[in-house]
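Worksheet for the structure shown next.
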Number of protein chains: 2
Amino acid sequence: MSYFGEHFWGEKNHGFDVLYQSMKQGPVSTKELADFIRERATIEETYSKAMAKLSKLASNGTPMGTFAPLWEVFRVSSDKLALCHLELTRKLQDLIKDVLRYGEEQLKAHKKCKEEAVGTLDAVQVLAGVSQLLPKSRENYLNRCMDQERLRRESTNQKEMDKAETKTKKAAESLRRSVEKYNSARADFEQKMLDSALRFQALEETHLRHMKALLGSYAHSVENTHVQIGQVHEEFKQNIENVSVEMLLRKFAESKGTGREKPGPLDFEAYSTAALQEGNYEAAAGRQGLSPPGTEPARAGATCSCRRPGARVRDVCRGGRRRFHCPA
Amino acid sequence: MSYFGEHFWGEKNHGFDVLYQSMKQGPVSTKELADFIRERATIEETYSKAMAKLSKLASNGTPMGTFAPLWEVFRVSSDKLALCHLELTRKLQDLIKDVLRYGEEQLKAHKKCKEEAVGTLDAVQVLAGVSQLLPKSRENYLNRCMDQERLRRESTNQKEMDKAETKTKKAAESLRRSVEKYNSARADFEQKMLDSALRFQALEETHLRHMKALLGSYAHSVENTHVQIGQVHEEFKQNIENVSVEMLLRKFAESKGTGREKPGPLDFEAYSTAALQEGNYEAAAGRQGLSPPGTEPARAGATCSCRRPGARVRDVCRGGRRRFHCPA
């Protein structure tokens, strides 16, 4: 529909100027769109950095205590959110390049359109010029007619009357020429103005289609990121659910546990007999500090010089001879 | 399952200390969770403010040009996003209060648990004490036995032999008492340690359930906001789609249009006759500058002193007399 071809006529023929000025707003809105997207990209980048910082906070969560493994869930989730927003930042930065590229194309199209509009601008000015002459010419004719009428009423002599009539005819002729000029300028203006209006509309249409495509790309990027973020949230919820209280207790017990063996009761007979056998063995071994195998005393006491922290003797010195430092 | 009742025995009975220290990590993780949520709330608040600023950028978009109405779509969307994130900030701030409230409850529960653990701590220390005496007592008995054996081999006199035997018996008796003390301390320790381990596990279980409930609330708030943001994005996309290029062109034409009437061609006869009638009328009206109704000249020319910009005479001065300033 030719909206511009219909709505930009009217008094004083300002329509052309309105359309011309409006065209100049095209690159303004393109620049503003780039600025808007740039600001959004900055916001997303800031958010991404803040999320990365939050992830650090999660990884600094105390590694002790039963809750510790859940910090890892927070850390992973925050890291992924940071990544989602960083990816959006990058997509938006790419989009800004598209917008700026379009801005350059647009300026070229505008240059062409301005050149084509020069003829219409001339037609507008010509019409304005002849329109200004018209009332003067008309007033002159009117005055001549009234002079002639006055002379007729005052019954002035024929010579004066003839003179007045000649003047009236000349004024009529001048007015006729003005009207013709006006009509010619008007017809030229109408044609050129219609051409320009259609051209301006086509330009705006192309502009709007391009801008809407860019907006579509913007919306698409934002929406894609939103879907990804939704997955991260879902994963977070699932991970929290998956780490059951029982699992946390078991993990803690297994990693921080000190051993499953309770200190056994001592039997005096066995303990003292073992001491004797050990004494004999030690005597036989020339008191080299070696104890006989299989005579471990109080279970809570036997240690080995080569043990890892918390390891029981028999875990480490399998089949070897054991040195007793302290049975307690 | 009693994980704590099984995994915190082992050498030197350090298990109690590990569980006791681990309990103290509970309030640490509660505080860390509050810190984490506070940081997240701050991030959301910053994002919300940035979005409000972005909305301002959108409302400052040029109101001229065909693209202008789309800025309103951006403004509304940014405003709504700002609101979503602000709402999340508030929800998280409420959640922090819940976390801190739980932290206070937790400290009370810990105080009670510490009181109950005193007996176990004593039992651990008693067992450590008797375990230290045991090897000394055993070594003493062993030495006495070996002394006696040596005397026997050397066929020492009976008196010396009796003396050695008495010493051996005393050492055996002392060792027996040490073994009994150890066995008693061990039994007491086992019972108390098991009680404490179960109590510590129950405490951790309650802690973890509470923490997981708080995490659930966190995940729920974040997810709710995510759904709302999704609606805002959907609305944005829909609004952009709804504002068609044709609609933008029509809106622009209607709001910025200068008029639908083209300048009409002038007919010389009608124009000049109208001038005469007008002249007669003006003469009759004592040249008060009034023109007769219904004799408007060139359609492009008639203006009225009371007109609004761009309005045509007949739009404004309905039924009234018109003053012609300039027909051009």
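The values are calculated or read from the model by the stated rules, or taken from the named source; none is laboratory data. Everything numeric in this text was worked out from a predicted model, so none of it was measured. No Cβ is skipped: glycine too gets one built from the backbone with ideal geometry, and neighbour counts run over all protein chains shown. All accessible areas refer to the heavy atoms of the entire protein, side chains included, with ligands and DNA or RNA removed. Shrake-Rupley method; radii C 1.70, N 1.55, O 1.52, S 1.80 Å.
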(message) So, B:PRO135, is that one outside any helix (DSSP H, G or I), out of contact with any helix residue (DSSP H, G or I) (no Cβ under 6 Å at 6 or more places or on another chain), open to solvent by 20 Å² or more (accessible area, probe 1.4 Å) and of a type outside the set (D, E, K, R) or not?
(response) no
(message) Looking at the range B:70-87 only, could you name the residues that are in contact (Cβ under 8 Å) with a residue 24 or more places away in the chain and either open to solvent by 40 Å² or more (accessible area, probe 1.4 Å) or more than 12 Å from chain A (Cβ to nearest Cβ) (or both)?
(response) B:VAL76, B:ASP79, B:LYS80, B:LEU83, B:LEU86, B:GLU87
(request) Please work out which residue is surrounded by the most Cβ atoms within 10 Å (Cβ to Cβ), limiting yourself to the range A:1-60 and to residues that are facing chain B (nearest Cβ under 7 Å) and outside any helix (DSSP H, G or I). (result) A:PHE8
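Okay, residues lined up against (1) under 36 Å from the mean Cα position of the chain (by Cα); (2) buried (at least 17 other Cβ atoms within 10 Å of the Cβ); (3) at the interface with chain A (Cβ under 7 Å from one of its Cβ atoms):
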| residue | (1), (2), (3) |
| --- | --- |
| B:HIS220 | yes, no, no |
| B:HIS226 | yes, yes, yes |
| B:VAL243 | yes, yes, no |
| B:PRO263 | no, yes, yes |
(request) Give the range B:186-203 a look and list any residue that's more than 8 Å from chain A (Cβ to nearest Cβ) and open to solvent by 10 Å² or more (accessible area, probe 1.4 Å), or say none. (result) B:ASP188, B:GLN191, B:LYS192, B:LEU194, B:ASP195, B:LEU198, B:ARG199, B:ALA202, B:LEU203
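In the list B:LEU121, B:LEU107, B:LEU127, which residue meets the criterion of being surrounded by 17 or more Cβ atoms within 10 Å (Cβ to Cβ) and either under 28 Å from B:ASP35 (Cβ atoms) or not basic (Lys, Arg) (or both)? Quick ask: steps written out before the conclusion?
Working: B:LEU121 fails: surrounded by 17 or more Cβ atoms within 10 Å (Cβ to Cβ); B:LEU107 fails: surrounded by 17 or more Cβ atoms within 10 Å (Cβ to Cβ).
Of B:LEU121, B:LEU107, B:LEU127, the one residue that is surrounded by 17 or more Cβ atoms within 10 Å (Cβ to Cβ) and either under 28 Å from B:ASP35 (Cβ atoms) or not basic (Lys, Arg) (or both) is B:LEU127.
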(request) Inspect the range A:86-102 for any residue being in a helix (DSSP H, G or I) and closer than 27 Å to B:VAL28 by Cα and give the result as yes or no. (result) no
(message) I'm told A:MET247 meets every condition in (1) at the interface with chain B (Cβ under 9 Å from one of its Cβ atoms); (2) open to solvent by less than 80 Å² (accessible area, probe 1.4 Å) except one. Can you identify the failing condition by its number?
(response) (1)
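Hey, among the residues in the range B:157-177 that are within 13 Å of another protein chain (Cβ to nearest Cβ) and of a type in the set (S, T, N, Q), which one's most open to solvent (accessible area, probe 1.4 Å)?
Within the range B:157-177, the subset within 13 Å of another protein chain (Cβ to nearest Cβ) is B:168-169, B:171-177.
Now restrict to residues that are of a type in the set (S, T, N, Q): B:168, B:174.
Values: B:THR168: 14, B:SER174: 40 Å².
Applying the filter and picking the extreme gives B:SER174.
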(request) Determine whether A:GLU180 is among the acidic types (Asp, Glu), in a helix (DSSP H, G or I), within 9 Å of chain B (Cβ to nearest Cβ) and closer than 30 Å to B:SER272 by Cβ. (result) yes
(message) Taking the conditions exactly as written (within 40 Å of the chain's Cα centre (by Cα) and open to solvent by less than 20 Å² (accessible area, probe 1.4 Å)), does A:THR206 satisfy them or not?
(response) no
